[in-house]
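Taking it in order: structure first as C-alpha coordinates, then the write-up.
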There are 2 protein chains.
Amino acid sequence: MVAAWHRAGDTVALVPTMGALHRGHLTLVQHACGLARHVIASVFVNPTQFGPNEDFSRYPRDEAGDAAKLVGAGCSLLYAPDAGEMYPPNFATTVSAGALAEPLENQFRPGHFTGVATVVTKLLLQSQADIACFGEKDYQQLQIIRRLARDLDIPIRIEAVPTVREPDGLALSSRNSYLSDDERRIAPALHRVLTDVAARFAAGASTQDVAAWGAAELLRAGFAKLDYLDLRDAETLQPLVDRSRPGRALVAAWLGKTRLIDNQALPPTKNAG
Amino acid sequence: MVAAWHRAGDTVALVPTMGALHRGHLTLVQHACGLARHVIASVFVNPTQFGPNEDFSRYPRDEAGDAAKLVGAGCSLLYAPDAGEMYPPNFATTVSAGALAEPLENQFRPGHFTGVATVVTKLLLQSQADIACFGEKDYQQLQIIRRLARDLDIPIRIEAVPTVREPDGLALSSRNSYLSDDERRIAPALHRVLTDVAARFAAGASTQDVAAWGAAELLRAGFAKLDYLDLRDAETLQPLVDRSRPGRALVAAWLGKTRLIDNQALPPTKNAG
(Lines give C-alpha, C1' and ligand atoms only; values in the text may rest on other atoms or scores of the structure.)
Protein backbone atom coordinates (compact mmCIF):
# COMPACT_ATOMS: atom_id res chain seq x y z
CA MET A 1 0.00 0.00 0.00
CA VAL A 2 2.81 2.40 0.91
CA ALA A 3 4.64 1.44 -2.31
CA ALA A 4 1.50 2.36 -4.28
CA TRP A 5 1.29 5.73 -2.50
CA HIS A 6 4.93 6.37 -3.34
CA ARG A 7 4.40 5.36 -6.98
CA ALA A 8 1.58 7.91 -7.11
CA GLY A 9 4.06 10.54 -5.88
CA ASP A 10 2.44 10.89 -2.44
CA THR A 11 4.36 11.29 0.82
CA VAL A 12 3.77 9.11 3.86
CA ALA A 13 4.26 9.90 7.56
CA LEU A 14 4.45 7.41 10.44
CA VAL A 15 3.31 7.97 14.04
CA PRO A 16 4.53 5.07 16.22
CA THR A 17 2.51 4.59 19.43
CA MET A 18 1.93 2.03 22.17
CA GLY A 19 -1.83 2.65 22.00
CA ALA A 20 -3.89 3.96 24.95
CA LEU A 21 -4.13 7.06 22.84
CA HIS A 22 -4.67 10.50 24.31
CA ARG A 23 -4.74 14.00 22.91
CA GLY A 24 -0.94 14.04 22.76
CA HIS A 25 -0.89 11.16 20.28
CA LEU A 26 -3.67 12.74 18.23
CA THR A 27 -1.63 15.94 18.05
CA LEU A 28 1.18 13.85 16.58
CA VAL A 29 -1.25 12.47 13.99
CA GLN A 30 -2.54 15.94 13.14
CA HIS A 31 1.03 17.23 12.87
CA ALA A 32 1.83 14.31 10.55
CA CYS A 33 -1.25 15.11 8.43
CA GLY A 34 0.18 18.57 7.87
CA LEU A 35 3.48 17.11 6.61
CA ALA A 36 2.40 14.20 4.40
CA ARG A 37 -0.48 13.10 2.20
CA HIS A 38 -0.97 9.82 4.10
CA VAL A 39 -0.47 9.04 7.80
CA ILE A 40 0.23 5.58 9.21
CA ALA A 41 -0.16 5.03 12.96
CA SER A 42 1.35 1.94 14.53
CA VAL A 43 0.01 0.54 17.80
CA PHE A 44 2.38 -1.93 19.42
CA VAL A 45 3.04 -2.37 23.14
CA ASN A 46 6.65 -3.48 22.73
CA PRO A 47 7.54 -6.08 25.38
CA THR A 48 11.31 -5.66 24.93
CA GLN A 49 11.33 -2.09 26.25
CA PHE A 50 9.74 -2.99 29.59
CA GLY A 51 11.91 -4.20 32.47
CA PRO A 52 10.97 -7.34 34.45
CA ASN A 53 9.42 -5.23 37.25
CA GLU A 54 7.72 -2.69 34.99
CA ASP A 55 4.12 -2.27 33.91
CA PHE A 56 4.01 -4.26 30.62
CA SER A 57 1.12 -6.49 31.70
CA ARG A 58 -0.93 -3.65 33.16
CA TYR A 59 -0.05 -1.05 30.50
CA PRO A 60 -3.43 0.39 29.38
CA ARG A 61 -4.85 -1.16 26.18
CA ASP A 62 -7.89 -0.03 24.16
CA GLU A 63 -7.62 -1.20 20.55
CA ALA A 64 -11.18 -0.38 19.49
CA GLY A 65 -11.08 3.07 21.07
CA ASP A 66 -7.64 3.73 19.59
CA ALA A 67 -8.81 2.82 16.08
CA ALA A 68 -11.80 5.18 16.29
CA LYS A 69 -9.61 8.05 17.54
CA LEU A 70 -7.01 7.53 14.80
CA VAL A 71 -9.59 7.56 12.02
CA GLY A 72 -11.10 10.70 13.52
CA ALA A 73 -7.70 12.40 13.59
CA GLY A 74 -7.06 11.75 9.89
CA CYS A 75 -4.97 8.58 9.96
CA SER A 76 -5.14 6.55 6.71
CA LEU A 77 -3.67 3.28 7.94
CA LEU A 78 -3.55 1.59 11.34
CA TYR A 79 -0.75 -0.95 11.80
CA ALA A 80 -1.15 -3.20 14.84
CA PRO A 81 1.27 -6.15 14.59
CA ASP A 82 1.38 -8.84 17.27
CA ALA A 83 4.57 -9.73 19.12
CA GLY A 84 5.07 -12.91 17.06
CA GLU A 85 5.12 -10.88 13.85
CA MET A 86 7.59 -8.37 15.24
CA TYR A 87 9.83 -10.95 16.90
CA PRO A 88 9.78 -14.20 14.89
CA PRO A 89 11.55 -17.31 16.25
CA ASN A 90 15.33 -16.88 16.61
CA PHE A 91 15.02 -13.09 16.54
CA ALA A 92 18.40 -11.89 17.75
CA THR A 93 19.41 -8.52 16.29
CA THR A 94 19.52 -5.42 18.47
CA VAL A 95 20.21 -1.75 17.83
CA SER A 96 22.04 0.26 20.49
CA ALA A 97 22.48 4.01 20.63
CA GLY A 98 25.79 4.20 22.47
CA ALA A 99 26.55 7.11 24.78
CA LEU A 100 23.18 8.83 24.22
CA ALA A 101 21.45 5.83 25.79
CA GLU A 102 23.70 5.56 28.85
CA PRO A 103 22.64 8.35 31.26
CA LEU A 104 19.26 9.43 32.69
CA GLU A 105 16.51 6.86 31.94
CA ASN A 106 19.02 4.06 31.34
CA GLN A 107 20.26 4.31 34.95
CA PHE A 108 16.79 3.34 36.11
CA ARG A 109 15.49 1.32 33.15
CA PRO A 110 18.51 -0.71 31.97
CA GLY A 111 17.94 -2.20 28.53
CA HIS A 112 14.91 0.02 27.88
CA PHE A 113 16.51 2.00 25.06
CA THR A 114 17.89 -1.07 23.30
CA GLY A 115 14.29 -2.30 23.14
CA VAL A 116 13.12 1.11 21.91
CA ALA A 117 15.91 1.55 19.35
CA THR A 118 15.39 -1.94 17.93
CA VAL A 119 11.59 -1.71 17.61
CA VAL A 120 11.70 1.83 16.21
CA THR A 121 14.30 0.79 13.60
CA LYS A 122 11.94 -2.02 12.59
CA LEU A 123 8.89 0.27 12.45
CA LEU A 124 10.70 2.95 10.43
CA LEU A 125 11.85 0.32 7.92
CA GLN A 126 8.59 -1.66 7.82
CA SER A 127 6.56 1.48 7.19
CA GLN A 128 8.83 2.80 4.43
CA ALA A 129 7.48 6.22 5.44
CA ASP A 130 9.14 9.48 4.41
CA ILE A 131 8.64 11.16 7.79
CA ALA A 132 8.15 9.87 11.35
CA CYS A 133 6.76 12.00 14.20
CA PHE A 134 7.82 11.63 17.83
CA GLY A 135 6.85 13.68 20.88
CA GLU A 136 9.35 15.78 22.84
CA LYS A 137 7.81 14.35 26.02
CA ASP A 138 10.20 11.37 25.70
CA TYR A 139 13.16 13.62 25.02
CA GLN A 140 16.01 11.14 25.46
CA GLN A 141 14.13 8.67 23.26
CA LEU A 142 13.68 11.38 20.62
CA GLN A 143 17.41 12.14 20.57
CA ILE A 144 18.25 8.43 20.32
CA ILE A 145 15.85 7.97 17.41
CA ARG A 146 17.24 11.00 15.60
CA ARG A 147 20.73 9.58 16.05
CA LEU A 148 19.93 6.03 14.96
CA ALA A 149 18.05 7.19 11.87
CA ARG A 150 21.05 9.31 10.89
CA ASP A 151 23.71 6.74 11.88
CA LEU A 152 22.06 3.79 10.11
CA ASP A 153 21.09 5.87 7.03
CA ILE A 154 17.40 5.10 7.36
CA PRO A 155 15.83 7.16 4.57
CA ILE A 156 13.32 8.99 6.78
CA ARG A 157 12.98 12.45 8.33
CA ILE A 158 12.46 12.47 12.11
CA GLU A 159 10.09 15.21 13.19
CA ALA A 160 9.87 16.37 16.83
CA VAL A 161 6.47 17.53 18.11
CA PRO A 162 6.16 19.68 21.28
CA THR A 163 4.67 18.10 24.38
CA VAL A 164 0.91 18.50 24.80
CA ARG A 165 -0.15 19.50 28.33
CA GLU A 166 -3.26 19.67 30.49
CA PRO A 167 -4.38 23.23 31.37
CA ASP A 168 -2.49 22.89 34.69
CA GLY A 169 0.73 21.98 32.86
CA LEU A 170 0.84 18.19 33.38
CA ALA A 171 2.26 16.53 30.26
CA LEU A 172 -0.21 14.09 28.70
CA SER A 173 0.83 10.47 29.27
CA SER A 174 -0.91 7.11 29.14
CA ARG A 175 0.52 6.51 32.61
CA ASN A 176 -1.42 9.49 34.04
CA SER A 177 -4.39 7.08 34.21
CA TYR A 178 -2.60 5.29 37.08
CA LEU A 179 -2.71 8.42 39.30
CA SER A 180 -5.07 8.67 42.29
CA ASP A 181 -6.98 11.94 42.74
CA ASP A 182 -4.45 13.09 45.35
CA GLU A 183 -1.51 12.20 43.12
CA ARG A 184 -3.14 13.96 40.18
CA ARG A 185 -3.30 17.18 42.22
CA ILE A 186 0.43 16.97 42.97
CA ALA A 187 1.53 15.97 39.43
CA PRO A 188 1.49 19.45 37.79
CA ALA A 189 4.38 20.47 40.07
CA LEU A 190 6.65 18.55 37.68
CA HIS A 191 6.15 21.06 34.87
CA ARG A 192 5.93 24.06 37.20
CA VAL A 193 9.27 23.24 38.86
CA LEU A 194 10.97 22.57 35.49
CA THR A 195 9.77 25.97 34.26
CA ASP A 196 11.23 27.60 37.38
CA VAL A 197 14.45 25.59 36.91
CA ALA A 198 14.76 27.02 33.40
CA ALA A 199 14.15 30.57 34.65
CA ARG A 200 16.71 30.27 37.45
CA PHE A 201 19.25 28.80 35.05
CA ALA A 202 18.63 31.61 32.55
CA ALA A 203 19.17 34.10 35.40
CA GLY A 204 22.65 32.71 35.91
CA ALA A 205 22.40 30.10 38.67
CA SER A 206 24.73 27.09 38.41
CA THR A 207 23.44 23.78 37.05
CA GLN A 208 24.20 22.09 40.38
CA ASP A 209 22.34 24.71 42.45
CA VAL A 210 19.35 24.73 40.13
CA ALA A 211 19.11 20.91 40.03
CA ALA A 212 19.33 20.68 43.83
CA TRP A 213 16.69 23.39 44.24
CA GLY A 214 14.34 21.65 41.78
CA ALA A 215 14.70 18.27 43.46
CA ALA A 216 13.93 19.75 46.87
CA GLU A 217 10.89 21.58 45.47
CA LEU A 218 9.45 18.39 43.96
CA LEU A 219 9.80 16.48 47.22
CA ARG A 220 8.22 19.41 49.08
CA ALA A 221 5.33 19.40 46.56
CA GLY A 222 4.56 15.77 47.45
CA PHE A 223 6.58 13.60 45.07
CA ALA A 224 7.68 10.44 46.86
CA LYS A 225 11.05 10.02 45.18
CA LEU A 226 13.16 11.39 42.32
CA ASP A 227 15.11 9.19 39.91
CA TYR A 228 16.86 12.23 38.47
CA LEU A 229 16.57 15.95 37.80
CA ASP A 230 19.44 16.91 35.52
CA LEU A 231 20.51 19.76 33.25
CA ARG A 232 22.07 18.34 30.09
CA ASP A 233 23.35 19.35 26.67
CA ALA A 234 20.23 19.18 24.50
CA GLU A 235 21.94 17.23 21.72
CA THR A 236 24.51 14.96 23.36
CA LEU A 237 22.71 14.58 26.74
CA GLN A 238 26.09 14.94 28.47
CA PRO A 239 26.21 17.18 31.58
CA LEU A 240 25.62 20.79 30.56
CA VAL A 241 28.92 22.64 30.77
CA ASP A 242 28.80 25.02 27.81
CA ARG A 243 25.95 27.45 28.51
CA SER A 244 26.18 28.84 24.98
CA ARG A 245 24.73 25.57 23.66
CA PRO A 246 21.05 24.59 23.90
CA GLY A 247 20.34 22.70 27.12
CA ARG A 248 17.54 20.55 28.42
CA ALA A 249 16.33 19.96 31.97
CA LEU A 250 15.05 16.40 32.37
CA VAL A 251 13.24 14.83 35.29
CA ALA A 252 11.85 11.44 36.35
CA ALA A 253 9.92 11.29 39.63
CA TRP A 254 7.54 8.98 41.45
CA LEU A 255 4.03 9.59 42.75
CA GLY A 256 3.15 6.41 44.64
CA LYS A 257 3.71 3.56 42.19
CA THR A 258 3.59 5.79 39.12
CA ARG A 259 6.73 7.10 37.47
CA LEU A 260 6.35 10.36 35.54
CA ILE A 261 8.88 12.02 33.25
CA ASP A 262 9.05 15.50 31.72
CA ASN A 263 11.60 17.92 30.30
CA GLN A 264 12.09 21.56 29.49
CA ALA A 265 14.23 23.49 27.01
CA LEU A 266 17.09 25.63 28.40
CA PRO A 267 17.84 28.27 25.77
CA PRO A 268 21.54 29.02 25.27
CA THR A 269 22.74 32.09 27.12
CA LYS A 270 24.56 34.70 25.06
CA ASN A 271 26.89 35.85 27.82
CA ALA A 272 28.01 32.39 28.88
CA GLY A 273 29.82 32.33 32.22
CA MET B 1 20.29 7.45 -9.18
CA VAL B 2 18.93 4.29 -7.52
CA ALA B 3 15.57 6.02 -7.05
CA ALA B 4 15.48 6.79 -10.78
CA TRP B 5 16.26 3.14 -11.60
CA HIS B 6 13.44 2.06 -9.33
CA ARG B 7 11.05 4.58 -10.90
CA ALA B 8 11.91 3.07 -14.27
CA GLY B 9 10.93 -0.34 -12.87
CA ASP B 10 14.51 -1.69 -12.80
CA THR B 11 15.96 -3.84 -10.04
CA VAL B 12 19.24 -3.05 -8.28
CA ALA B 13 21.75 -5.39 -6.62
CA LEU B 14 24.53 -4.44 -4.20
CA VAL B 15 27.90 -6.15 -3.78
CA PRO B 16 29.64 -4.81 -0.65
CA THR B 17 33.43 -5.24 -0.65
CA MET B 18 36.52 -4.00 1.14
CA GLY B 19 38.33 -3.60 -2.21
CA ALA B 20 41.54 -5.46 -3.10
CA LEU B 21 39.27 -7.26 -5.52
CA HIS B 22 39.98 -10.77 -6.76
CA ARG B 23 38.09 -13.23 -8.91
CA GLY B 24 35.83 -14.10 -5.94
CA HIS B 25 34.49 -10.56 -5.78
CA LEU B 26 34.04 -10.44 -9.55
CA THR B 27 32.04 -13.65 -9.35
CA LEU B 28 29.77 -11.87 -6.85
CA VAL B 29 29.35 -9.00 -9.33
CA GLN B 30 28.59 -11.41 -12.19
CA HIS B 31 26.12 -13.27 -10.01
CA ALA B 32 24.48 -9.94 -9.13
CA CYS B 33 24.29 -9.02 -12.84
CA GLY B 34 22.26 -12.18 -13.38
CA LEU B 35 19.77 -11.15 -10.70
CA ALA B 36 19.25 -7.41 -11.27
CA ARG B 37 19.33 -4.85 -14.07
CA HIS B 38 21.89 -2.64 -12.26
CA VAL B 39 24.74 -3.61 -9.95
CA ILE B 40 26.29 -1.32 -7.33
CA ALA B 41 29.63 -2.32 -5.78
CA SER B 42 30.76 -0.61 -2.61
CA VAL B 43 34.43 -0.41 -1.68
CA PHE B 44 34.99 0.51 1.96
CA VAL B 45 37.70 -0.79 4.28
CA ASN B 46 35.64 -0.52 7.43
CA PRO B 47 37.84 0.46 10.38
CA THR B 48 35.29 -0.61 13.02
CA GLN B 49 35.52 -4.30 12.14
CA PHE B 50 39.28 -4.51 12.68
CA GLY B 51 40.65 -5.15 16.16
CA PRO B 52 43.47 -3.00 17.59
CA ASN B 53 46.09 -5.64 16.69
CA GLU B 54 44.65 -6.54 13.29
CA ASP B 55 45.68 -5.61 9.76
CA PHE B 56 43.58 -2.48 9.08
CA SER B 57 46.55 -0.28 8.19
CA ARG B 58 48.23 -2.91 5.99
CA TYR B 59 45.00 -4.27 4.46
CA PRO B 60 45.65 -4.29 0.67
CA ARG B 61 44.23 -1.27 -1.20
CA ASP B 62 44.06 -0.69 -4.97
CA GLU B 63 41.28 1.78 -5.83
CA ALA B 64 42.20 2.32 -9.48
CA GLY B 65 42.62 -1.38 -10.17
CA ASP B 66 39.37 -2.15 -8.34
CA ALA B 67 37.42 0.39 -10.41
CA ALA B 68 38.72 -1.07 -13.69
CA LYS B 69 37.85 -4.62 -12.61
CA LEU B 70 34.34 -3.64 -11.51
CA VAL B 71 33.52 -1.90 -14.78
CA GLY B 72 34.83 -4.92 -16.65
CA ALA B 73 32.63 -7.25 -14.62
CA GLY B 74 29.45 -5.31 -15.44
CA CYS B 75 29.08 -3.04 -12.41
CA SER B 76 27.01 0.14 -13.10
CA LEU B 77 27.94 2.14 -10.01
CA LEU B 78 31.00 2.19 -7.75
CA TYR B 79 30.39 3.57 -4.24
CA ALA B 80 33.57 4.36 -2.31
CA PRO B 81 32.71 6.48 0.74
CA ASP B 82 35.41 7.69 3.10
CA ALA B 83 35.34 6.96 6.83
CA GLY B 84 34.15 10.49 7.67
CA GLU B 85 31.07 10.04 5.48
CA MET B 86 30.25 6.67 6.98
CA TYR B 87 30.92 7.70 10.58
CA PRO B 88 30.13 11.41 11.03
CA PRO B 89 30.97 13.16 14.33
CA ASN B 90 29.05 11.74 17.31
CA PHE B 91 28.30 8.53 15.46
CA ALA B 92 27.10 6.17 18.18
CA THR B 93 24.60 3.58 16.93
CA THR B 94 25.56 -0.08 16.68
CA VAL B 95 23.80 -3.19 15.41
CA SER B 96 24.44 -6.49 17.18
CA ALA B 97 23.45 -9.94 16.03
CA GLY B 98 23.02 -11.66 19.39
CA ALA B 99 23.79 -15.37 19.76
CA LEU B 100 24.83 -15.83 16.11
CA ALA B 101 27.73 -13.45 16.66
CA GLU B 102 28.99 -15.02 19.89
CA PRO B 103 30.87 -18.21 18.93
CA LEU B 104 33.65 -18.95 16.40
CA GLU B 105 35.15 -15.72 14.96
CA ASN B 106 33.93 -13.63 17.87
CA GLN B 107 36.05 -15.62 20.33
CA PHE B 108 39.15 -14.45 18.47
CA ARG B 109 37.96 -11.14 16.99
CA PRO B 110 35.79 -9.60 19.74
CA GLY B 111 33.70 -6.72 18.41
CA HIS B 112 34.37 -7.68 14.78
CA PHE B 113 30.77 -8.62 14.03
CA THR B 114 29.30 -5.50 15.64
CA GLY B 115 31.45 -3.52 13.21
CA VAL B 116 30.34 -5.72 10.32
CA ALA B 117 26.64 -5.71 11.25
CA THR B 118 26.60 -1.93 11.68
CA VAL B 119 28.38 -1.10 8.43
CA VAL B 120 26.39 -3.66 6.43
CA THR B 121 23.11 -2.27 7.80
CA LYS B 122 24.25 1.18 6.65
CA LEU B 123 25.31 -0.05 3.19
CA LEU B 124 22.07 -1.99 2.67
CA LEU B 125 20.04 1.09 3.60
CA GLN B 126 22.21 3.63 1.78
CA SER B 127 22.11 1.63 -1.45
CA GLN B 128 18.34 1.08 -1.37
CA ALA B 129 19.11 -2.03 -3.43
CA ASP B 130 16.61 -4.88 -3.91
CA ILE B 131 19.21 -7.64 -3.56
CA ALA B 132 22.63 -7.85 -1.89
CA CYS B 133 25.18 -10.58 -2.66
CA PHE B 134 27.60 -12.01 -0.08
CA GLY B 135 30.09 -14.86 -0.41
CA GLU B 136 29.81 -18.09 1.56
CA LYS B 137 33.53 -17.80 2.32
CA ASP B 138 32.64 -15.62 5.32
CA TYR B 139 29.93 -18.01 6.44
CA GLN B 140 29.27 -16.69 9.94
CA GLN B 141 29.12 -13.16 8.54
CA LEU B 142 26.63 -14.34 5.90
CA GLN B 143 24.34 -15.88 8.55
CA ILE B 144 24.53 -12.70 10.67
CA ILE B 145 23.64 -10.51 7.68
CA ARG B 146 20.71 -12.76 6.73
CA ARG B 147 19.47 -12.52 10.30
CA LEU B 148 19.85 -8.75 10.70
CA ALA B 149 18.14 -8.05 7.37
CA ARG B 150 15.21 -10.20 8.45
CA ASP B 151 15.13 -9.00 12.07
CA LEU B 152 15.32 -5.28 11.22
CA ASP B 153 12.91 -5.60 8.26
CA ILE B 154 15.40 -4.19 5.78
CA PRO B 155 13.58 -4.48 2.45
CA ILE B 156 16.30 -6.41 0.65
CA ARG B 157 16.94 -10.02 -0.39
CA ILE B 158 20.25 -11.47 0.80
CA GLU B 159 21.81 -13.78 -1.79
CA ALA B 160 24.57 -16.26 -0.86
CA VAL B 161 27.21 -16.99 -3.50
CA PRO B 162 29.45 -20.11 -3.28
CA THR B 163 33.13 -19.66 -2.47
CA VAL B 164 35.46 -19.29 -5.45
CA ARG B 165 38.65 -21.38 -5.18
CA GLU B 166 42.05 -21.68 -6.81
CA PRO B 167 42.57 -24.90 -8.81
CA ASP B 168 44.26 -26.43 -5.74
CA GLY B 169 41.21 -25.65 -3.56
CA LEU B 170 42.43 -22.56 -1.66
CA ALA B 171 39.52 -20.15 -1.18
CA LEU B 172 40.20 -16.77 -2.80
CA SER B 173 40.88 -14.07 -0.22
CA SER B 174 42.51 -10.67 -0.23
CA ARG B 175 44.64 -11.93 2.66
CA ASN B 176 46.20 -14.67 0.46
CA SER B 177 48.52 -11.92 -0.81
CA TYR B 178 50.22 -11.96 2.61
CA LEU B 179 51.36 -15.60 2.18
CA SER B 180 55.01 -16.50 1.48
CA ASP B 181 55.69 -19.10 -1.20
CA ASP B 182 56.10 -21.80 1.45
CA GLU B 183 52.88 -20.78 3.19
CA ARG B 184 51.04 -20.71 -0.12
CA ARG B 185 52.04 -24.34 -0.73
CA ILE B 186 50.61 -25.37 2.67
CA ALA B 187 47.39 -23.30 2.44
CA PRO B 188 45.30 -25.67 0.24
CA ALA B 189 45.31 -28.18 3.11
CA LEU B 190 42.58 -26.04 4.67
CA HIS B 191 40.03 -26.97 2.01
CA ARG B 192 41.36 -30.54 1.59
CA VAL B 193 41.01 -31.28 5.30
CA LEU B 194 37.52 -29.72 5.47
CA THR B 195 36.44 -31.90 2.56
CA ASP B 196 37.74 -34.96 4.39
CA VAL B 197 36.05 -33.78 7.60
CA ALA B 198 32.74 -33.64 5.72
CA ALA B 199 33.28 -37.14 4.28
CA ARG B 200 34.17 -38.66 7.66
CA PHE B 201 31.17 -36.96 9.27
CA ALA B 202 28.89 -38.26 6.50
CA ALA B 203 30.31 -41.75 7.11
CA GLY B 204 29.08 -41.58 10.70
CA ALA B 205 32.03 -40.35 12.79
CA SER B 206 31.21 -38.16 15.80
CA THR B 207 31.58 -34.37 15.59
CA GLN B 208 34.20 -34.47 18.36
CA ASP B 209 36.30 -37.17 16.67
CA VAL B 210 36.10 -35.50 13.27
CA ALA B 211 37.01 -32.07 14.65
CA ALA B 212 39.99 -33.49 16.56
CA TRP B 213 41.16 -35.39 13.49
CA GLY B 214 40.88 -32.29 11.29
CA ALA B 215 42.80 -30.11 13.73
CA ALA B 216 45.64 -32.65 13.96
CA GLU B 217 45.78 -32.95 10.17
CA LEU B 218 46.09 -29.19 9.70
CA LEU B 219 48.94 -28.94 12.19
CA ARG B 220 50.63 -31.91 10.51
CA ALA B 221 50.22 -30.17 7.12
CA GLY B 222 52.19 -27.18 8.42
CA PHE B 223 49.64 -24.73 9.90
CA ALA B 224 51.18 -22.97 12.88
CA LYS B 225 48.06 -22.70 15.03
CA LEU B 226 44.30 -23.23 14.89
CA ASP B 227 41.80 -20.75 16.31
CA TYR B 228 38.98 -23.26 15.81
CA LEU B 229 37.77 -26.16 13.71
CA ASP B 230 34.12 -26.75 14.63
CA LEU B 231 31.07 -28.56 13.30
CA ARG B 232 27.99 -26.38 13.75
CA ASP B 233 24.31 -26.14 12.88
CA ALA B 234 24.36 -24.34 9.53
CA GLU B 235 21.61 -21.89 10.51
CA THR B 236 22.01 -21.21 14.23
CA LEU B 237 25.80 -21.84 14.42
CA GLN B 238 25.24 -23.66 17.69
CA PRO B 239 27.16 -26.95 18.19
CA LEU B 240 25.84 -29.56 15.75
CA VAL B 241 23.76 -32.08 17.70
CA ASP B 242 20.92 -32.93 15.32
CA ARG B 243 22.54 -34.66 12.33
CA SER B 244 19.26 -34.48 10.38
CA ARG B 245 19.74 -30.71 10.05
CA PRO B 246 22.21 -29.06 7.64
CA GLY B 247 25.57 -28.56 9.29
CA ARG B 248 28.67 -26.54 8.52
CA ALA B 249 32.31 -27.22 9.33
CA LEU B 250 34.15 -23.94 9.98
CA VAL B 251 37.85 -23.33 10.46
CA ALA B 252 40.23 -20.47 11.23
CA ALA B 253 43.95 -21.24 11.17
CA TRP B 254 47.25 -19.41 11.04
CA LEU B 255 50.10 -19.64 8.56
CA GLY B 256 52.82 -17.43 10.01
CA LYS B 257 51.21 -14.04 10.61
CA THR B 258 48.31 -14.70 8.22
CA ARG B 259 44.96 -15.92 9.46
CA LEU B 260 42.89 -17.90 6.95
CA ILE B 261 39.26 -19.01 7.28
CA ASP B 262 37.18 -21.46 5.29
CA ASN B 263 34.06 -23.60 5.68
CA GLN B 264 32.32 -26.58 4.18
CA ALA B 265 28.72 -27.77 4.02
CA LEU B 266 27.78 -30.90 5.99
CA PRO B 267 24.66 -32.31 4.34
CA PRO B 268 22.03 -33.64 6.75
CA THR B 269 22.16 -37.42 7.19
CA LYS B 270 18.89 -39.26 6.62
CA ASN B 271 19.56 -42.02 9.17
CA ALA B 272 20.60 -39.69 11.97
CA GLY B 273 22.25 -41.56 14.85
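The values are calculated or read from the model by the stated rules, or taken from the named source; none is laboratory data. Bear in mind the structure is a predicted one, so any value in this text is a computation, not a measurement. Positions of Cβ are backbone-derived with ideal geometry, glycine not excepted, and every protein chain shown enters the neighbour counts.
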So A:LEU123 clears everything in (1) buried (at least 18 other Cβ atoms within 10 Å of the Cβ); (2) within 11 Å of chain B (Cβ to nearest Cβ); (3) under 23 Å from B:PHE113 (Cβ atoms) except one condition, right? Which one? (3)
Just checking, does segment B:244-254 include any residue being at pLDDT 95 or above, more than 21 Å from the chain's Cα centre (by Cα) and of a type in the set (Lys, Arg)? yes
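Per-residue answers, yes or no, for (1) more than 23 Å from A:HIS6 (Cβ to Cβ); (2) more than 10 Å from chain B (Cβ to nearest Cβ); (3) of a type outside the set (Gly, Ala, Ser):
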position: A:GLN143; (1), (2), (3): yes, yes, yes
position: A:LEU148; (1), (2), (3): no, no, yes
position: A:ASP151; (1), (2), (3): yes, no, yes
position: A:VAL161; (1), (2), (3): yes, yes, yes
position: A:GLY169; (1), (2), (3): yes, yes, no
position: A:LEU172; (1), (2), (3): yes, yes, yes
position: A:SER177; (1), (2), (3): yes, yes, no
position: A:ASP182; (1), (2), (3): yes, yes, yes
position: A:ALA187; (1), (2), (3): yes, yes, no
Name every residue in segment A:142-168 that is in contact (Cβ under 8 Å) with a residue 12 or more places away in the chain and in contact with a helix residue (DSSP H, G or I) (Cβ under 6 Å, 6 or more places away or on another chain), in order of residue number. A:GLN143, A:ILE144, A:ILE145, A:ARG147, A:LEU148, A:LEU152, A:ILE154, A:ILE156, A:ILE158, A:ALA160, A:VAL161, A:VAL164
Taking segment A:74-108 as the search range and keeping residues that are charged (D, E, K, R) and without any contact (Cβ under 8 Å) to a residue 60 or more places away in the chain, which one is surrounded by the fewest Cβ atoms within 10 Å (Cβ to Cβ)? A:ASP82
Does B:ALA73 fit the bill of being more than 16 Å from the chain's Cα centre (by Cα), within 14 Å of chain A (Cβ to nearest Cβ) and among the small types (Gly, Ala, Ser)? no
Return a yes/no flag: does segment A:32-40 have any residue that is surrounded by fewer than 21 Cβ atoms within 10 Å (Cβ to Cβ) and within 22 Å of A:LEU260 (Cα to Cα). no
Please work out if A:GLU235 is within 14 Å of chain B (Cβ to nearest Cβ), under 21 Å from A:THR163 (Cβ atoms) and surrounded by fewer than 19 Cβ atoms within 10 Å (Cβ to Cβ). yes
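Table: residues versus (1) assigned to a strand (DSSP E or B); (2) crowded, with 20+ Cβ neighbours inside 10 Å.
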| residue | (1), (2) |
| --- | --- |
| B:ARG185 | no, no |
| B:ARG192 | no, no |
| B:ALA205 | no, no |
| B:VAL210 | no, yes |
| B:LEU218 | no, yes |
| B:PHE223 | no, yes |
| B:LEU231 | yes, yes |
| B:SER244 | no, no |
| B:ALA252 | yes, yes |
Can you tell me which condition A:PRO103 does not meet? The list is (1) in contact with a helix residue (DSSP H, G or I) (Cβ under 6 Å, 6 or more places away or on another chain); (2) within 14 Å of another protein chain (Cβ to nearest Cβ); (3) at pLDDT 95 or above, and all the others hold. (1)
Yes or no: segment B:157-174 includes at least one residue that is in a helix (DSSP H, G or I) and at pLDDT below 95. yes
